[in-house]
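Colleague: One structure is given below, represented as structure tokens, and several questions about it will come after.
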Amino acid sequence: MKTYDELEALVKQIQKENVFSSNEELREIQTEHMKLLMVPYYEADTLFRIMDQRTKRVDMAHTYYLEYLKLMKHYNLLEPEQAKKWKELYKMHF
């Protein structure tokens, strides 16, 4: 749980510092910030490894995976077929 809590704190710090903007393009992201795009993925991966409250954890992990894919789509890092699949999954989940 410690790793997940630290990732949550990192997300709050990223949001507080406005590291990413919804109107910026990939080329505008500072190189040292690129790795922070992976944080939602790591949150999901960590949640899948926590065994208590399994149903709740899996559901939260799916949400974080979809957020990660949303970021990738925003920065045009998904192939067209991947973007289509993301939209389908997003509609099913929310």
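Colleague: Could you line up 51, 60 from fewest to most neighbouring Cβ atoms inside 10 Å?
Modeller: Numbers: 51 7, 60 17.
Result, fewest neighbours first: 51, 60.
Colleague: Put +1 on the Cβ of each Lys and Arg and -1 on the Cβ of each Asp and Glu in segment 2-93; which of 15, 66, 41 then has its Cα farthest toward the positive end of the dipole?
Modeller: Of 15, 66, 41, it is 66.
Colleague: To continue, here is another question. Let's see if you can work this out: charge +1 on each Lys and Arg Cβ, -1 on each Asp and Glu Cβ, no other charges. What is the dipole magnitude of the chain about its Cα centre, in debye to the nearest 20? Don't skip to the end; give the middle numbers.
Modeller: Numbers: 15 positive and 16 negative charges, 71 e Å.
Charge dipole, the chain, about its Cα centre: 340 debye, nearest 20.
Colleague: Once the convex hull of the alpha carbons of the chain is built, what does its volume come to per residue, in cubic angstrom?
Modeller: Cα-based convex hull of the chain, divided per residue, equals 108 Å³.
Colleague: Using Cα positions and a limit of under 25 Å, work out the lysines in reach of residue 35, with same-chain residues fewer than 8 apart set aside.
Modeller: Qualifying lysines at Cα under 25 Å: 2, 12, 16, 70, 73, 84, 85, 87.
Colleague: Also, quick follow-up: How do 93, 74 rank when sorted from fewest to most other Cβ atoms within 10 Å of their own Cβ?
Modeller: 93, 74
Colleague: Helix-only estimate, please: 222 nm mean residue ellipticity of the chain, summing -39500 (n - 2.57) across DSSP H runs of length 4 or more and dividing by its residues, to the nearest 500.
Modeller: Taking each H run of at least 4 residues, the total per residue is -21500 deg cm²/dmol.
Read-outs throughout are calculated quantities, based only on the coordinates presented, and are distinct from any laboratory measurement. The structure displayed is predicted, hence computed values, not measured ones. Neighbour counts run over all protein chains shown; Cβ positions are idealised from the backbone, glycine included.
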